[in-house]
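**Q** Let me begin by handing over the structure; questions about it come next.
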Amino acid sequence: MTAVLELEHLSVTYETTQGGVHAVQDVDLTIASGSIMGLVGESGCGKSTLGRAILRLLPDNADMQGSVRFAGRDLLSLSAKQVRDLRGRNLAMIFQDPMTRLNPLMRIRDHFIETIRAHDPEVRPEDALERAKKVLADVRVPSDRLGMYPHELSGGMRQRIMIALCLLFNPALLIADEPTTALDVILEAQILQLLQSIMHEYDMAVLLITHNLGLVAEFADRVAVMYAGRIAEEGATVPLFREPRHPYTQGLLRSVIDLETTKLYSVPGEPPSLLGDSIGCPFFPRCEKRMSVCETVFPEIRLVGEDRRKVACHLY
Amino acid sequence: MGGSTASLRAYVITRVILMVPMLVLLLTFTFIILRVAPGDPVSTIYGERGNPQVIDRIKTELGLYDPLYVQYFRYLHDVFTGHMGTSILTQRPVIDEIWSRMPATIELTLSSMLVASVLGIGLGTFAGTRRDRLPDFGTRLYGALAYNIPIFWFGLILKLVFAVWLGWLPVSGRFSPRLSTPPTVTGLYTIDSLLALNLPAFADAVAHLILPSLTLGIVLSGFFVRITRVNVIHAMGSDYVEAARARGIPERSVFFRHGLKNALVPVITTMGLTFALLFSGAILTETVFSFEGMGRFVYLALSYRDYPAIQGAVVYYGILMVIISLMVDILNAFVDPRIRY
């Protein structure tokens, strides 16, 4: 297994007038080439910040520490120009709401030409269009859509086009931030199946950021569960779903609708504020298995069990 | 595109046809308001000490004692036969008065819009791309000051400094009496003097335009700065701008192609409507600089209760408003593919 991306001690702090908001704290994560890493967690747990941090798309008030190793380089030490060069070429990203991600005043065609010429200024527009048609065929979008404006297309079609724009330069990693949350269930399955077939074709890894456990169970090779800016548990999908170890993961899995019991479980309490520093386990106030040590000592990541799963909990 | 152009044409035709009932309504309301408001043209011109018999005689001659419905239909007849009645004050057809004053207003409007858009869009973009930093605060202060400054006071100050103290620019008027005006082609002194290849005349016309258009342009730019800034901030924070950055589009292209272009769509609409307002004449600016345009015409007509002149001005405004908002609509339809009629 070769790693396409390695995050080491990655932390992101937003400087605000109320103080620092620690959106991502000390995250270690390795994504193997050609695999799907699922990143799950509640809203506001820092998973979208983590995705954007990799592409360095965060606003100016975000301070990043640690390292993001990609293709032998630390992305955090690159110049803005070098990062821009990687974006769309080696690293690509698709987003939650495809309805608002294409410029409403530009035809689809011009999005493709613009992207290709941003990286290959020498390419003539006609040749760029040929390349656009090829990737559109791969995402199963008829090439006559190129002449249209975004508002003339459906949400599913637009997300396919966003994916096609990512494929132009055959990136090693695609970051998919809630790619199907704005779509209906049938489209959701279609888009993910499309992603799955494309990643094999293009030999591309995917970081699938979602709050939908079902999607992760079905599509991801490995899963990282995020809580309050930190990784709570990380491991191969099947054993993790079969035997969740972190109490938060256990709670999350119990929150999924089960047709045999009529009551829907929810993890009690609310996620903590990420403002300022904290001690102890961030999940302590909501945990059903808490011990006195949890309140004062932060649980380091440990490798647990036969599958050597990473768990940040004092129980192990 | 063929279908949408056809529907745009249908839309324009409908709007032009709808102009007729709109103008009749406008005329009716103006007519009623003028008759209800105290005072009448003859008494205003002659004042309280005027000979009542003379006033009575003139009012009878002008038909002001006729029943209101007779006056009303006579007036509608005047408008739709094209000459809009005769000004009580100047005894000239209202339509001639409007035609002779329009070029001055057009000249002032175009030049002050130039000042306002360059300042407004330039500074608004400058501030919007430096949100909450020092240049942004400075520009917002400028915008608030320019927007709230009393225009007649500002005009007088500019006049005092640049015309009276420094003597760089003429105090008032549109053209120096010592020069002969260029032959009339468009009525715009700047263009006519250029057409006649008369450079001294052109320089003189421009010199007369500078202070009034700076006055009006700076005050208007305050508003433009604010709307441009807000829209630039909005567009640069939009989802498609982030997506463009994620595709590795260079920041320059992100700004011009995705940010500024999208930000200017609502700005165009606002500017178009401001245009319409300006064409109806900037009463205060024209008064301060004795610039004989539509604004002065309306001011005089209102002061003397010159019914036909006021009504004529209202018709002119009405038609202008419709034409300009129609032009804004057409322009928007071309810029923004989502707008189809």
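**Q** Please enumerate the residues belonging to the range B:192-227 that are more than 19 Å from the chain's Cα centre (by Cα) and of a type in the set (Gly, Ala, Ser).
**A** Result: B:193, B:196, B:201, B:203, B:205, B:207.
**Q** Being aliphatic (A, V, I, L, M), in a loop (DSSP other than H, G, I, E, B) and more than 7 Å from chain B (Cβ to nearest Cβ) is the filter here, so list the residues in the range A:93-111 that pass it.
**A** Matches in the range A:93-111: A:106 only.
**Q** Being away from every other protein chain (no Cβ under 14 Å), under 19 Å from residue A:87 (Cα atoms) and not charged (D, E, K, R) is the filter here, so list the residues in the range A:37-69 that pass it.
**A** Scanning the range A:37-69 gives A:50, A:64, A:67, A:68.
**Q** While we're on this one: How do the pairs read when you match residues in the range A:86-106 that are aromatic (Phe, Trp, Tyr) with residues anywhere that are in a loop (DSSP other than H, G, I, E, B), using Cβ under 7 Å and keeping only pairs 6 or more apart or on different chains?
**A** Correct list of pairs: A:95/A:101.
**Q** Follow-up question, since we're still on this one. Taking the condition of being acidic (Asp, Glu) and under 27 Å from the mean Cα position of the chain (by Cα), how many residues in the range A:123-149 meet it?
**A** Within the range A:123-149, residues that are acidic (Asp, Glu) and under 27 Å from the mean Cα position of the chain (by Cα) number 1.
**Q** Can I ask one more? Which residue out of A:239, A:244 is over 18 Å from residue A:180 (Cα atoms) and assigned to a loop (DSSP other than H, G, I, E, B)?
**A** Answer to the check: A:244.
**Q** Separate question: Could you list all residues from the range B:319-341 that are among the β-branched types (Val, Ile, Thr) and in contact (Cβ under 8 Å) with a residue 60 or more places away in the chain?
**A** Answer for the range B:319-341, where residues must be among the β-branched types (Val, Ile, Thr) and in contact (Cβ under 8 Å) with a residue 60 or more places away in the chain: B:319, B:322, B:328, B:330, B:335.
**Q** Output the number of the condition that residue B:287 fails; it satisfies all remaining conditions of (1) more than 30 Å from residue A:164 (Cα to Cα); (2) of a type outside the set (A, V, I, L, M); (3) without any contact (Cβ under 8 Å) to a residue 60 or more places away in the chain.
**A** (3)
**Q** Can you name every residue in the range A:36-58 that is over 28 Å from residue A:79 (Cα atoms) and either open to solvent by 20 Å² or more (accessible area, probe 1.4 Å) or of a type in the set (Gly, Ala, Ser) (or both)?
**A** Scanning the range A:36-58 gives A:38, A:41, A:42, A:43, A:44.
**Q** Of the numbered conditions (1) within 13 Å of chain B (Cβ to nearest Cβ); (2) more than 24 Å from residue A:86 (Cβ to Cβ), residue A:162 fails exactly one; give the number of that condition.
**A** For residue A:162, the failing item is (2).
**Q** Sticking with this structure for a sec: Going residue by residue through the range A:86-94, is there one that turns out to be of a type in the set (D, E, K, R) and either buried (at least 17 other Cβ atoms within 10 Å of the Cβ) or under 12 Å from residue A:165 (Cβ atoms) (or both)?
**A** yes
**Q** For the range A:167-190, which residues satisfy the criterion of being in contact with a Gly (Cβ under 7 Å, 6 or more places away or on another chain) and either open to solvent by less than 10 Å² (accessible area, probe 1.4 Å) or assigned to a loop (DSSP other than H, G, I, E, B) (or both)?
**A** Listed by number, the residues that qualify are A:169, A:175, A:177, A:182, A:183.
**Q** A follow-up question, please. For the range B:65-123, give me each residue that is more than 25 Å from residue B:175 (Cα to Cα), among the hydroxyl-bearing types (Ser, Thr, Tyr) and touching a Pro at 6+ places or on another chain (Cβ under 9 Å).
**A** B:75, B:86, B:87
**Q** So, residue B:257, is that one within 14 Å of chain A (Cβ to nearest Cβ) and either more than 21 Å from the chain's Cα centre (by Cα) or in contact (Cβ under 8 Å) with a residue 24 or more places away in the chain (or both) or not?
**A** So residue B:257 fits the description; yes.
**Q** A follow-up question, please. Considering only the range B:47-69, state which residues are open to solvent by less than 70 Å² (accessible area, probe 1.4 Å) and more than 22 Å from residue B:92 (Cβ to Cβ).
**A** B:47, B:50, B:66, B:67
**Q** Considering A:122, A:114, which residue is of a type in the set (Asp, Glu), within 14 Å of chain B (Cβ to nearest Cβ) and not in a strand (DSSP E or B)?
**A** Matching residue, one of A:122, A:114: A:114.
The values are calculated or read from the model by the stated rules, or taken from the named source; none is laboratory data. For clarity, every value in this text was computed on a predicted model and none was experimentally measured. Here the Cβ is made from the backbone with ideal geometry for all residues, glycine too, and neighbour counts use every protein chain on show. Just the protein is used for accessible areas: all its heavy atoms, side chains included, with ligands, DNA and RNA removed. Shrake-Rupley method; radii C 1.70, N 1.55, O 1.52, S 1.80 Å.
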